[in-house]
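The values are calculated or read from the model by the stated rules, or taken from the named source; none is laboratory data. Here the structure is a predicted model, which is why all the values come from computation and not from measurement. A quick note on method: Cβ atoms are made from the backbone with ideal geometry, for glycine too, and the neighbour counts reach across all protein chains shown. In case anyone asks, the SASA skips ligands and DNA or RNA and just uses the protein heavy atoms, side chains included. Shrake-Rupley method; radii C 1.70, N 1.55, O 1.52, S 1.80 Å.
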Amino acid sequence: MIPLRPELFEFAEPQSVCRLSCTCKTLRSDVRDAKPWGLLARAQLQPPKPRDEADALARVRSHARRRLLAKAEPSTRRVLEGVTLLEALSRPAPAPVAYTPNELSDFTFFLRFTDGERLIFEGDFGVSHVSHQSDEEGLVLHLSPRHANLKWMGRADELQQEHVKIALVAVRDHDQAMVSLSHLNICYAAHGRERIYGFSVFGVIRGLAASARSNLQLDALLSVTQDGYVNGLELRPEHHVDTHGAMEADDIGPCDESLFQYLLTYLAGIHNPTARAFVLARIESLLVEAEREMGWGDLQRLAADLAEMEEKIGEGYSGYVSQAKALRVELGMDVTSDEE
């Protein structure tokens, strides 16, 4: 009888191995001795290659870069500087370019959670899905930890809330381009079956992008179990349009998903100058459209609001000075005297 050659099993099908082992007692013994299942598995599913030293070093450097970026103060991308809304609306549109921005799932979001100088948690999150809730809440990015069993370095009930904040960094996966998105302060904590921490911008506004009339900001919700395991993260981009009336509150509206996609792509970097100019123009047009809807293009309304503010300033309400200056700029009036 010809003995079985173990290397032949690498070319066999699982059904053939089963039939062979059931043929007779002698063959069943020979098949068992040849250990065919291990050979078959190795042939059909190659074991992962161990990371080489260069790959491991690149990962360490990438993590160090995102940590440094998270610690640094984020900057706001200024757009339409020195351009009134009517001037922005009258500008010719750039020539269309066949360009597709990055998907939101193309980014990893690095979060660093601190309580004063104490590090509570840091880790990577990926977009699990995107939802559009109501017209008021708009776009919500639902993110899950990229690694299982992420636990923070401290008890969930020992936070000094006045010092708690998070830093967010977006990392484009294919080239590891990084951009600091925001530093957010804690605004509330809800305790139940799990702990929900809400974060928002207050104090000095450092948005993702800003014109003279509006800015894009992020709110965040972090979900943590009672024993400190991180369940998930929600990011809510918002478009804040400044008020132009003396007694009006700023309008907080949803951020369009395409606007957030274009902005992340632009901030992470676009090498083609033509495509980069096209994406910036697209971002500006989406900002301008929301500002127009809020009445920033209605000169008569702006003039009436300015007269009301100047009256308030004359009564000693100095908080309207900067708003009045913004209205004068929009109306094409001289503001050099305001700077003296």
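Some points to look at:
- GLY314 meets the conditions (1) crowded, with 18+ Cβ neighbours inside 10 Å; (2) at pLDDT below 90; (3) not aliphatic (A, V, I, L, M) in every case but one. The failed one is (1).
- Against the criterion of being open to solvent by less than 20 Å² (accessible area, probe 1.4 Å), modelled with pLDDT under 90 and either of a type in the set (D, E, K, R) or more than 30 Å from ALA190 (Cα to Cα) (or both), ALA275 does not qualify.
- Within segment 44-85, the set of residues being more than 23 Å from THR114 (Cα to Cα), open to solvent by less than 90 Å² (accessible area, probe 1.4 Å), out of contact with any Asp or Glu (no Cβ under 8 Å at 6 or more places or on another chain) and at pLDDT 85 or above comprises ARG77, GLY82, VAL83.
- Condition check for GLU117: open to solvent by 40 Å² or more (accessible area, probe 1.4 Å), among the acidic types (Asp, Glu) and under 22 Å from LEU286 (Cα atoms): no
- Only one of the listed residues (ALA189, ALA170) is small (Gly, Ala, Ser), modelled with pLDDT of 90 or more, closer than 26 Å to PRO254 by Cα and touching a helix residue (DSSP H, G or I) at 6+ places or on another chain (Cβ under 9 Å). That residue is ALA170.
- Set side by side, the residues GLY295, GLY316 differ, and just one is at positive phi and more than 32 Å from the chain's Cα centre (by Cα), which is GLY316.
- Counting only strands (runs of 3 or more DSSP E) wholly contained in segment 172-271, the ones carrying 3 or more residues that are in contact with an Asp or Glu (Cβ under 7 Å, 6 or more places away or on another chain), of a type in the set (Ser, Thr, Tyr) and in contact (Cβ under 8 Å) with a residue 12 or more places away in the chain occupy 214-225.
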